[in-house]
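Enquirer: Got a structure for you, questions after.
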Amino acid sequence: MIAINPQALEGVWRSGIALDFHTTSSTPSGYNEYGHMQFETVRPAIAELLYKLKYRHDAGAAQGIVEAAVSFLSPHLHKFDFILPVPPSTIRNPPPVMTIAKGISVSTGLPLLECITLTRSATELKGVTDPDKRKELLNGLYAINSEQTKGKRALLFDDVFRSGSTMSALTEELMRTGQAVSVSILTITKTRNNR
């Protein structure tokens with residue numbers, strides 16, 4: 001099994017963990033033929049698997065991610081009633097978040113819920129650094145089916161934690177309209193600068 005380096009994630013949720021950092025280092029290596037800066041990036045093992053799954057379409061990489069997540073979660077499974085993947089903001093088929101969440105659900109027996117719907121098209125937040133703009137883009141974006149979440153303990157799952165804006169918006173929505181008892185979060189990686 002691959003080694004992980006769990007990182008605490010502070011926020012409005014009960015508890016939060018990223019299994020490791022998203023990168024170890026990223027050094028500029030020059031411009032490509034289109035004038036875009038290229039980088040030599042070093043990633044922790046689980047982040048490398050996530051990169052392969054998301055950007056190289058290597059479906060086999062999901063298994064190592066799932067195994068690491070399940071190993072980490074196993075002592076804590078009694079704290080959750082279900083796992084809830086964050087709806088993806090970009091179209092990948094299949095969505096990596098869903099692939100990993102399904103693998104965790106199957107391996108642990110933790111039910112997977114798909115009770116979050118988007119009220120409009122989502123804007124990818126990766127390039128949005130202004131916290132107020134992020135909040136504006138997330139305001140009213142998600143709807144929760146409270147019939148599935150009321151009185152329950154949620155494990156909200158995403159692949160990458162950047163600023164925490166999405167997780168905060170969803171946690172607040174789960175607690176308010178979803179009437180969840182508690183929300184904890186798990187992500188595979190977290191960026192170093194959290195922007």
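The values are calculated or read from the model by the stated rules, or taken from the named source; none is laboratory data. Values in this document were obtained by computation on a predicted structure and should not be read as measured data. With ideal geometry, Cβ positions are generated from the backbone for all residues, glycine too; neighbour counts draw on all protein chains shown. Only protein heavy atoms, including side chains, enter the accessible area calculation; ligands, DNA and RNA are left aside. Shrake-Rupley method; radii C 1.70, N 1.55, O 1.52, S 1.80 Å.
Enquirer: When the accessible area of the chain is computed with all protein chains present and a 1.4 Å probe, what percentage of it is carbon and sulfur? Walk me through the intermediate numbers first.
Expert: Values: 5080 of 10240 Å².
The C+S portion of the solvent-accessible surface of the chain is 50 percent.
Enquirer: Taking the chain as the reference, fit the longest principal axis to its C-alpha atoms, fit the long axis of helix 165-176 to the helix C-alpha atoms, and give the angle between the two in degrees, 0 to 90, nearest 10.
Expert: 0 degrees
Enquirer: For region 3-73, take every pair of Cα atoms, bin their distances at 5 Å starting from 0, and report each bin as a whole percent.
Expert: 3, 15, 18, 19, 18, 12, 8, 5, 2, 0
Enquirer: Okay, moving on. Lysine pairs, Cα distance under 27 Å, 8 or more residues apart or cross-chain: how many in the chain?
Expert: Count of close lysine pairs: 23.
Enquirer: Of VAL70, VAL86, VAL181, which is the most mobile in a GNM of the chain whose springs link Cα atoms less than 10 angstrom apart?
Expert: Top of the fluctuation ranking is VAL181.
Enquirer: Right, another one. Which ³J(HN,Hα) values in Hz, rounded to whole numbers, follow from the phi angles of region 154-160 under the Karplus curve 6.51 cos²θ - 1.76 cosθ + 1.60, where θ = phi - 60° and Gly and Pro get x?
Expert: Once θ is set to phi - 60°, the couplings for region 154-160 become 9, 10, 7, 10, 9, 7, 10 Hz.
Enquirer: Relative to the first principal axis of the alpha-carbon coordinates of the chain, what is the inclination of helix 61-73, with its axis defined by its Cα atoms, in degrees from 0 to 90 and to the nearest 10?
Expert: Here the helix axis deviates by roughly 50 degrees.
Enquirer: If you don't mind, there's one more thing I want to ask. What FRET efficiency, computed as 1/(1 + (r/R0)^6) with R0 = 45 Å and r the Cβ-Cβ distance, is obtained for HIS57 and THR27, rounded to the nearest 0.05?
Expert: 0.95
Enquirer: Something else now. Using Cα springs under 10 Å in a Gaussian network model of the chain, which residue among ARG120, ARG162, ARG153 shows the largest mean-square fluctuation?
Expert: ARG120
Enquirer: Please determine, in degrees from 0 to 90 and to the nearest 10, the orientation of helix 45-55 with respect to the longest principal axis defined by the Cα atoms of the chain, where the helix direction is its Cα long axis.
Expert: Between the helix axis and the principal axis of the chain, the angle is about 90 degrees.
Enquirer: Sticking with this structure for a sec: Residues in region 152-195, backbone N under 16 Å from the label point at PHE39 (7 Å along the Cα-to-beta-carbon vector): list them, ranges by number please.
Expert: 160-163, 189-195
Enquirer: How do TYR31, TYR142, TYR55 stack up against each other in accessible area, from largest to smallest, with a 1.4 angstrom probe? Walk me through the numbers on the way to the answer.
Expert: On the way: TYR31 160, TYR142 25, TYR55 80 Å².
From most accessible down to least: TYR31, TYR55, TYR142.
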